[in-house]
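Visitor: Please find one structure pasted underneath; my questions will follow.
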Amino acid sequence: MVLQVSFLFLLGLCLHAQDTAGVGALKGKVTDAAGALLPGAQVCLKDTGRCATADDTAHFQLTEIRAGEYRIEVSLPGQPGIASGAIVVHAGLEATVEVTLPKIDATQQSVTVTESAFVAPEEIKSSAFLVQPVEISKSAGALQDVARYVQTLPGVAIGSDDFRNDIIVRGGSPLENLFVVDNIEIPNINSFANFASAGGTVSILDAGLIQDVTFLTGGYPAPYINRVSSVLQVAQREGSREQFGGRATLGFAGAGAILEGPIKKGKGSWIVSARRSFLDLFTNDVGFGGVPVLYTFNAKALYDLSPRDRIWGVTISGVDKIRLGATEDSDPDEEISNFDIRYNGWRSATGFNWQRLFGTRGVGLLGVTHSEARLTSSVRDLIRSGKPLNTTPVDEVLAASPVVYRDDSREGESTIKYDLTAYAPIFDKIQAGGSYKIFQIRYDSASPLGNDSPYSRVPGLNSFALARDFRAYQQGAYFQATRPLAPKLSLTWGGRLDRYPFIGKSRFSPRLGLSYRITDKLSWRGTYGTYFQQPFFLFLSAFDENRGLNPFRAGHVVTGFTYIASSTLRFTVEGYVKNYKDYPVALQFPSLSLANLGDTFNVRETLFPLTSAGRGRVRGVEFFLEKKFSEKWFGQANFSVSRTRHSALDGVYRPGNFDYPYIFNAVGGYRLTGKWELSTRFAYLGGRPFTPFDIPVSTAQGRGIFDLQRVNAERAPDYVRLDIRADRTFTVREKPLLVFVGVQNILNRKNFAGYIWNRRLNEPKFNEQLGAFPLIGMEWRF
């Protein structure tokens with residue numbers, strides 16, 4: 001008897017996920033070849049001892065399944081079982097299937113598992129997206145960077161610079177996003193980033209190691225801590241349990257290799273990635289006075305101690321350095337030529353996890369993690385003491401110029417956390433857990449001449465010398481329950497309690513969600529939640545007044561509909577309201593909120609005395625159409641309409657810096673043949689607001705000073721960008737070699753980045769974003 005399986009394993013109809021215990025689920029119904037229901041059929045995961053019996057409606061469910069590859073075996077009473085082919089279970093996701101048994105007298109027996117799709121665990125009610133690895137690695141404009149791909153999703157906007165991968169979610173700041181990789185909370189997953197920063201130039205994560213990405217943009221459940229806008233959750237894949245293998249890669253982040261293999265006859269696996277940028281091997285200046293240098297290292301090892309116990313360890317690290325500023329060949333009329341900026345950074349995160357299955361009763365996950373970051377930087381202002389002659393050698397100019405900012409600091413964060421998922425009477429599905437964090441901070445930074453803030457007519461404000469070495473703590477706990485209220489109605493309720501001893505505050509955050517299945521294709525979901533975030537330690541430490549800051553708050557209300565048109569096509573519409581309170585705002589500049597500064601490489605611009613008096617309100621509607629990858633193509637398009645307003649100390653609501661009134665994104669890829677693939681991305685963003693300079697005052701002082709009567713009163717031109725990419729697969733030594741070429745911003749549109757004040761020319765200058773930028777890369781599997 002030949003056992004075959006025909007199944008369509010398709011990702012992402014509802015695309016909602018939550019991975020707090022490292023397990024997934026499988027549910028569906030069993031029918032015969034004529035379509036008749038088969039109650040009493042037994043569905044088992046082969047070689048695990050895990051089975052479920054179909055109920056009176058022929059539906060079955062297997063929960064708390066470890067992530068991995070399985071085969072289903074289906075049998076009727078008194079008949080032998082028939083097995084399927086391989087099915088992959090992903091952590092935090094539910095796979096919904098339809099199992100069809102063949103006729104008993106059929107010559108060829110086969111179990112057909114059809115329309116398998118990952119759908120939401122019931123506790124996830126809204127605003128969530130699952131990103132497949134192929135979308136990150138092959139989409140035009142993504143640069144194999146998870147954060148850059150996420151910028152194409154509904155409600156997400158780019159920052160003010162194409163060189164950076166900042167994530168702006170529903171009008172919030174880039175500082176409001178949580179990153180979780182394999183159960184490790186990481187302050188920043190990006191390179192070339194400062195403290196109190198969440199963005200950078202490129203991710204230190206290797207896209208070749210990514211299994212799934214779950215992005216939650218609002219109304220997310222209670223397990224997630226200390227961020228008020230979004231959660232970006234990455235699950236890295238296992239290495240091969242079968243044989244040693246690897247691949248060589250070349251791309252935007254550099255050249256490198258991935259190696260992987262089994263541990264102890266398939267009981268576990270390991271995988272490592274190492275990359276290095278290579279532009280510095282060819283030039284010492286790419287146009288801004290230097291060249292970035294980046295090293296990254298990612299590794300994961302996993303081992304099954306027993307059928308119930310699994311352990312895994314992960315490490316992620318990056319080392320980077322860059323020099324920006326004047327050279328003998330630089331244009332003195334460029335503002336960057338007025339500085340000498342030197343930066344060296346190092347960051348890493350390491351974690352150990354132990355997962356324990358409690359039979360069918362639940363699963364627990366213990367995590368012990370540590371992240372560390374250190375950076376040294378210095379900034380010299382070459383015209384602070386007057387404009388040097390153009391004939392003066394650059395080395396002499398540098399030696400004579402004052403250091404206006406320096407930093408040699410370190411931040412460490414150690415966490416022990418435990419998450420439990422179980423099933424109990426009355427509550428049905430419950431999730432509970434807690435965490436204890438220890439922060440070890442050493443700051444040694446100074447701005448001896450203060451900052452010439454564009455918000456002040458008084459130059460040299462807020463000089464400081466920060467030399468502090470301290471330890472801080474944070475504790476949190478949560479409880480959440482999910483149960484059906486009716487056959488089509490599900491409720492999730494719960495909350496979390498967080499303690500912030502460094503500022504002496506505690507906060508409780510309630511969460512509530514409802515979902516209703518209107519038809520088999522149409523469903524409604526709604527969520528409410530309150531979210532809190534402690535200001536970063538650098539803000540709290542820079543000035544004595546800042547120790548009195550409160551955790552700032554965002555209240556989320558989200559509702560929407562999902563329509564599943566087919567097994568690979570869905571449409572969603574969501575409306576949301578987000579209200580901010582207690583946001584840090586400047587004491588000296590009544591119109592300045594930290595929410596409007598965003599993420600910047602210039603740390604001095606963000607350090608000043610603060611108070612918790614800011615408020616904000618964001619309203620929006622998002623439309624999302626998605627086609628997941630099948631045999632030929634994938635794509636998604638979304639359109640968002642939103643309005644963002646923030647108020648500072650003066651209480652006046654003004655457009656936020658990231659108030660894009662309209663955003664449209666379209667991303668897609670098409671497989672022409674077995675060797676050729678094309679992908680493209682189009683982005684349109686309505687002009688964002690900016691504050692114009694007070695020209696007479698700026699000219700008189702020789703530096704840019706904003707017109708504070710017109711804060712964010714003007715709009716930039718619309719942002720438009722088209723990216724393309726072509727992939728060609730060759731065969732080298734019987735192994736596939738992928739070569740790709742592309743162009744980012746192929747239209748070479750001069751998109752607005754901002755106006756800067758050119759101090760040499762003493763006039764404003766339009767600062768444009770990245771123009772047409774060619775890309776080339778390759779990947780060879782061996």
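The values are calculated or read from the model by the stated rules, or taken from the named source; none is laboratory data. This is a predicted model, so every value here is computed, not measured. No Cβ is skipped: glycine too gets one built from the backbone with ideal geometry, and neighbour counts run over all protein chains shown. Heads up: the accessible areas ignore ligands, DNA and RNA and are worked out on the full protein's heavy atoms, side chains in. Shrake-Rupley method; radii C 1.70, N 1.55, O 1.52, S 1.80 Å.
Visitor: If a residue has to be surrounded by 13 or more Cβ atoms within 10 Å (Cβ to Cβ) and either of a type in the set (Asp, Glu) or closer than 15 Å to Gly702 by Cα (or both) to count, how many in region 389-402 make the cut?
Guide: 0
Visitor: Now, a different point. What is the one condition in (1) in a loop (DSSP other than H, G, I, E, B); (2) modelled with pLDDT of 85 or more; (3) not basic (Lys, Arg) that Phe179 does not satisfy?
Guide: (1)
Visitor: Let me ask something else about it. Can you pull out the residues in region 481-513 that are touching a Gly at 6+ places or on another chain (Cβ under 8 Å) and within 24 Å of Glu413 (Cβ to Cβ)?
Guide: Result: Arg496, Leu497, Asp498, Arg499, Ile503, Phe508, Ser509.
Visitor: Now for a separate question. What about Ser385, is it loosely packed, with under 15 Cβ neighbours inside 10 Å, small (Gly, Ala, Ser) and at pLDDT below 95?
Guide: Yes, satisfied.
Visitor: Would you point out which residue out of Ala253, Ala349 is buried (at least 17 other Cβ atoms within 10 Å of the Cβ), among the small types (Gly, Ala, Ser) and in contact with a helix residue (DSSP H, G or I) (Cβ under 9 Å, 6 or more places away or on another chain)?
Guide: Ala253
Visitor: Can you pull out every residue in region 639-667 that is open to solvent by 60 Å² or more (accessible area, probe 1.4 Å) and farther than 24 Å from Phe589 by Cα?
Guide: Residues satisfying the conditions are Phe639, Tyr662, Phe664.
Visitor: Restricting region 182-223 to residues that are open to solvent by 20 Å² or more (accessible area, probe 1.4 Å) and in a strand (DSSP E or B), which is nearest to Trp493 (Cα to Cα)?
Guide: Here the answer is Glu185.
Visitor: Of everything in region 582-613 that's in contact with a Lys or Arg (Cβ under 8 Å, 6 or more places away or on another chain) and modelled with pLDDT of 95 or more, which residue is surrounded by the fewest Cβ atoms within 10 Å (Cβ to Cβ)?
Guide: Selected residue: Asp582.
Visitor: Looking only at strands (runs of 3 or more DSSP E) that lie completely in region 609-691, which have at least 2 residues being touching a residue at least 60 places away in the same chain (Cβ under 8 Å)?
Guide: It comes to 610-627, 633-647, 662-671, 676-685.
Visitor: From the residues in region 418-436 that are β-branched (Val, Ile, Thr) and surrounded by 15 or more Cβ atoms within 10 Å (Cβ to Cβ), which one is farthest from Ile65 (Cα to Cα)?
Guide: Ile430
Visitor: Continuing with this model, one more query. Can you tell me how many residues in region 44-92 are open to solvent by 70 Å² or more (accessible area, probe 1.4 Å), part of a strand (DSSP E or B) and over 22 Å from Arg241 (Cα atoms)?
Guide: The number of residues fulfilling the criteria is 3.
Visitor: Looking for something part of a strand (DSSP E or B) and either without any contact (Cβ under 8 Å) to a residue 40 or more places away in the chain or open to solvent by 50 Å² or more (accessible area, probe 1.4 Å) (or both) - is there at least one such residue anywhere in region 448-459?
Guide: There is no residue in region 448-459 that is part of a strand (DSSP E or B) and either without any contact (Cβ under 8 Å) to a residue 40 or more places away in the chain or open to solvent by 50 Å² or more (accessible area, probe 1.4 Å) (or both).
Visitor: Oh, and also: Could you tell me which residue of region 460-480 is most open to solvent (accessible area, probe 1.4 Å), considering only residues that are under 30 Å from Ala700 (Cβ atoms) and in contact with a Leu (Cβ under 8 Å, 6 or more places away or on another chain)?
Guide: Filtering first and then ranking leaves Ser463.
Visitor: Which count do you get for residues in region 352-369 that are in a strand (DSSP E or B) and open to solvent by 10 Å² or more (accessible area, probe 1.4 Å)?
Guide: 7
Visitor: Inside region 741-754, can you point out the residues that are modelled with pLDDT of 90 or more and in a strand (DSSP E or B)?
Guide: Matches in region 741-754: Val741, Gly742, Val743, Gln744, Phe752.
Visitor: Additional query: Within region 224-250, count every residue that is outside any strand (DSSP E or B) and either open to solvent by 20 Å² or more (accessible area, probe 1.4 Å) or aromatic (Phe, Trp, Tyr) (or both).
Guide: 10
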